[in-house]
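K.L.:
Have a look at this one.
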Amino acid sequence: MKFKASMAQTRCPTPLGDLTLVASPSGLAGAWFDNQRHLPAALSTQLVGESTIWPEQASHPILQEAVKQLTAYFAGQKNNFDLPLDLSAGSEFQQAVWQALLAIERGSTTSYGALSASIGRPSAVRAVGGAIGRNPLSIIVPCHRVIGSSGSLTGYAGGLERKLALLQLEGAR
């Protein structure tokens, strides 16, 4: 994935651990838990003590709104997010998968196969799984709502414990 250099970031505490939120001029571009798989290089170097190319800017209006909405979500006061999103870091295929994730309603789940079929690529289940794993907007683009065809919890870059907690919070488990 290719992220723009002109990003701003802030931290957002949640009951499941801190999120790093990143915004571009176009919208929210990232929401990652600490030590999540597939962190962008700009964050993975920051977490090991090197400087980042993305400055801390808690006053950024998109970041402020994202923190506000995530806080309300975890308090059970918000069901859907209403934020401008910048998904341009992904390939065309990844963006199609991430857009399909946005259609999964709170309290619902779907399988990788069903999601593949919904984007017109029924045989691309593994590729869809890869795109889901690289979703840059944890929680907001609800990749946690995708489960195995048997109903089992499979794959979540932020950890299966968080996936289960998010599904329970949303009443899906």
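K.L.:
Criterion first (part of a loop (DSSP other than H, G, I, E, B), in the same structural domain as CYS143 (by TED's automatic domain parsing) and touching a residue at least 40 places away in the same chain (Cβ under 8 Å)) does SER123 satisfy it?
P.N.:
Answer is no for this residue.
K.L.:
Identify all residues within region 140-173 that are in contact (Cβ under 8 Å) with a residue 60 or more places away in the chain and not in a helix (DSSP H, G or I); write none if there are none.
P.N.:
Scanning region 140-173 gives ILE140, ALA157, GLY158, GLY159, GLU170, GLY171, ALA172.
K.L.:
Right, something else. What are the pairs with Cβ atoms under 6 angstrom where one residue, in region 60-84, is at pLDDT below 95 and the other, located anywhere, is of a type outside the set (S, T, N, Q) and in a loop (DSSP other than H, G, I, E, B)? Sequence gap at least six, or different chains.
P.N.:
ASN79/ARG106
K.L.:
To continue, here is another question. Name every residue in region 85-109 that is surrounded by 15 or more Cβ atoms within 10 Å (Cβ to Cβ), of a type outside the set (Gly, Ala, Ser) and touching a Ser or Thr at 6+ places or on another chain (Cβ under 8 Å), in order of residue number.
P.N.:
Selection gives ASP86, ILE104.
K.L.:
A follow-up question, please. Among (1) closer than 24 Å to ARG11 by Cα; (2) within 12 Å of the chain's Cα centre (by Cα); (3) assigned to a helix (DSSP H, G or I), which single condition is ALA131 missing?
P.N.:
Status for ALA131: all satisfied but (1).
K.L.:
I'd like to check something: does region 151-164 contain any residue that is at pLDDT below 95, aliphatic (A, V, I, L, M) and touching a helix residue (DSSP H, G or I) at 6+ places or on another chain (Cβ under 7 Å)?
P.N.:
Yes - at least one qualifying residue is present in region 151-164.
K.L.:
Which is outside any loop (DSSP other than H, G, I, E, B), on the phi < 0 side of the Ramachandran plot and either modelled with pLDDT under 95 or outside the structural domain of GLY133 (by TED's automatic domain parsing) (or both), of SER6, SER44?
P.N.:
SER44
K.L.:
Here is a follow-up. Restricting to region 103-120, name every residue that is part of a loop (DSSP other than H, G, I, E, B) and more than 16 Å from the chain's Cα centre (by Cα).
P.N.:
Selection gives GLY107, SER108, ILE119, GLY120.
K.L.:
Which numbered condition trips up ALA23, out of (1) of a type in the set (A, V, I, L, M); (2) modelled with pLDDT of 90 or more; (3) more than 13 Å from ALA58 (Cα to Cα)?
P.N.:
Looking at each condition in turn, ALA23 falls short on (3).
K.L.:
Return the residues of region 78-91 that are over 14 Å from ARG134 (Cβ atoms), aliphatic (A, V, I, L, M) and assigned to a loop (DSSP other than H, G, I, E, B); say none if nothing qualifies.
P.N.:
Narrowing region 78-91 to residues over 14 Å from ARG134 (Cβ atoms): 78-86.
Narrowing further to those that are aliphatic (A, V, I, L, M): 83, 85.
Listed by number, the list holds a single entry, LEU83.
K.L.:
Taking the options GLY90, GLY107, name whichever one is touching a residue at least 40 places away in the same chain (Cβ under 8 Å) and farther than 30 Å from ALA8 by Cβ.
P.N.:
Only one candidate qualifies: GLY107.
K.L.:
Could you say which residue among GLN99, GLN94 is part of a helix (DSSP H, G or I) and either in contact with a helix residue (DSSP H, G or I) (Cβ under 8 Å, 6 or more places away or on another chain) or modelled with pLDDT under 95 (or both)?
P.N.:
GLN94
K.L.:
While we're on this one: Give LEU137, LEU101 a once-over and let me know the one that is touching a Pro at 6+ places or on another chain (Cβ under 6 Å), closer than 24 Å to THR20 by Cβ, touching a residue at least 40 places away in the same chain (Cβ under 8 Å) and not assigned by TED's automatic domain parsing to the domain that holds PRO40.
P.N.:
None of the others qualify; the one that does is LEU101.
The values are calculated or read from the model by the stated rules, or taken from the named source; none is laboratory data. The structure displayed is predicted, hence computed values, not measured ones. Cβ atoms come from the backbone with ideal geometry, glycine included; neighbour counts cover every protein chain shown.
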